[in-house]
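Where a number appears in this text, it was derived from the coordinates with a stated rule and is not lab data. Since the structure is predicted, the reported quantities are computational estimates derived from the model, not experimental observations. When we count neighbours, we look across all protein chains shown, and the Cβ atoms used for this are built from the backbone with ideal geometry, even at glycine.
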Amino acid sequence: MVVGADQKFPGALIIPAFDELKVWAAKNGVAAKGNAELVKDEKVLHHYHDLVHKYNQSFAQWEQVKKFVLLPEQWTVETGEMTPTMKVKRKVISENNKAIIEGLYK
């Protein structure tokens, strides 16, 4: 989810596709045991930095994500971050991750 309204640049909260990330990690020598460890691993962060950079090339300078955070947990209906039709509840996610979002802009 892209964040940063009223900020100098866009940021993003990213939830990796953990099944695919675990396959990538195994191929690239990342020995993290769980999602929380994976999203903090330097190789994984570098991999996602490269992916964000790749996709940023499709956007204008002011639209490009400058900073991001990988989150270890999926957003679900049960946790209140998604609607039953699988739409993101931006307000709930922003409130639940307020400290993380603020950290992007410090």
Sequence order, the stretch 66-77: Karplus ³J(HN,Hα) from phi using 6.51 cos²θ - 1.76 cosθ + 1.60, θ = phi - 60°, Hz rounded, Gly and Pro as x, gives 9, 9, 8, 10, 8, 9, x, 10, 6, 7, 9, 5
Report ³J(HN,Hα) in whole Hz for each residue of the stretch 45-53, in order, from the Karplus equation J = 6.51 cos²θ - 1.76 cosθ + 1.60 where θ = phi - 60°; Gly and Pro get x. 4, 5, 4, 5, 4, 5, 5, 4, 4
For LYS27, counting only lysines whose alpha-carbon sits under 20 Å away and dropping same-chain residues fewer than eight positions off, the answer is LYS40, LYS43
Label-point gap, in nm, between ALA36 and VAL77 - each point 7 angstrom along Cα→Cβ: 2.8 nm
Over the Cα atoms of the stretch 1-56, what Rg and Dmax result, in angstrom? 12.8, 40
Below 26 Å, Cα to Cα, which lysines can LYS87 reach? Residues fewer than 8 away in the same chain don't count. LYS22, LYS54, LYS66, LYS67, LYS98
How large is ³J(HN,Hα), in whole Hz, for each residue of the stretch 89-99 in order, when computed from phi with the Karplus curve 6.51 cos²θ - 1.76 cosθ + 1.60 and θ = phi - 60°, using x for Gly and Pro? 8, 4, 5, 5, 5, 4, 5, 5, 10, 4, 5
What helix-only [θ] at 222 nm does the chain give? Using -39500 (n - 2.57) per DSSP H run of at least 4, over all residues, to the nearest 500, the answer is -11000 deg cm²/dmol
Write down Rg/Rh for the chain, rounded to two decimals, with Rg from the C-alpha atoms and Rh from the Kirkwood relation over Cα pairs. 0.97
Counting only residues 5 or more apart in sequence or on a different chain, those whose built amide H sits under 5 Å from that of LYS67 are ALA12
